[in-house]
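Written out below as structure tokens is the structure these notes cover.
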Amino acid sequence: MSPGFPETIYHNVLIILLEVEKIKFQTKKEYNVIFHLKNSSKFRGDLSVEEKVVVEFKSNYIYQKKFNKLEAYLKTTRLKTGLLAN
């Protein structure tokens, strides 16, 4: 895939590749955001792979805030690996 497409295109292409490889994934998985042992809110990650990797798609220039967002997702999900796909 070449650059320049909307995020949904890359999201859908990765879903196809994961299905072909028979890799388990969940799209738009909802996570609870816990603060002081209480559920403060929820967020949806773009893609969760094998319950080990959270994927966040960005089709524009990556700014530090995008990394910060992924880092927050990793802390919330307690996963150790994240992929910021551009």
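With respect to the conditions (1) assigned to a loop (DSSP other than H, G, I, E, B); (2) within 16 Å of ALA85 (Cβ to Cβ), TYR10 lacks only one, and its number is (1). Taken over the stretch 1-22, the criterion of being closer than 21 Å to LEU79 by Cβ and surrounded by 12 or more Cβ atoms within 10 Å (Cβ to Cβ) is satisfied by GLU7, TYR10, HIS11, LEU14, ILE15, LEU18. Checking each residue in the stretch 47-70 for being among the charged types (D, E, K, R), surrounded by 11 or more Cβ atoms within 10 Å (Cβ to Cβ) and at pLDDT below 85 picks out GLU56, LYS58, LYS66, LYS69. What residue, among those in the stretch 27-43 that are surrounded by 11 or more Cβ atoms within 10 Å (Cβ to Cβ) and more than 14 Å from VAL13 (Cα to Cα), is nearest to the chain's Cα centre (by Cα)? Per the stated criteria, the residue is LYS29. When the stretch 13-33 is limited to residues that are among the acidic types (Asp, Glu) and outside any helix (DSSP H, G or I), the one that is modelled with the lowest pLDDT turns out to be GLU30. Among the residues of the stretch 34-47, those identified as aliphatic (A, V, I, L, M) and not in a loop (DSSP other than H, G, I, E, B) are ILE34, LEU47.
The values are calculated or read from the model by the stated rules, or taken from the named source; none is laboratory data. Everything numeric in this text was worked out from a predicted model, so none of it was measured. Using ideal geometry, Cβ is built from the backbone for each residue, glycine included, and neighbour counts are taken over all protein chains shown.
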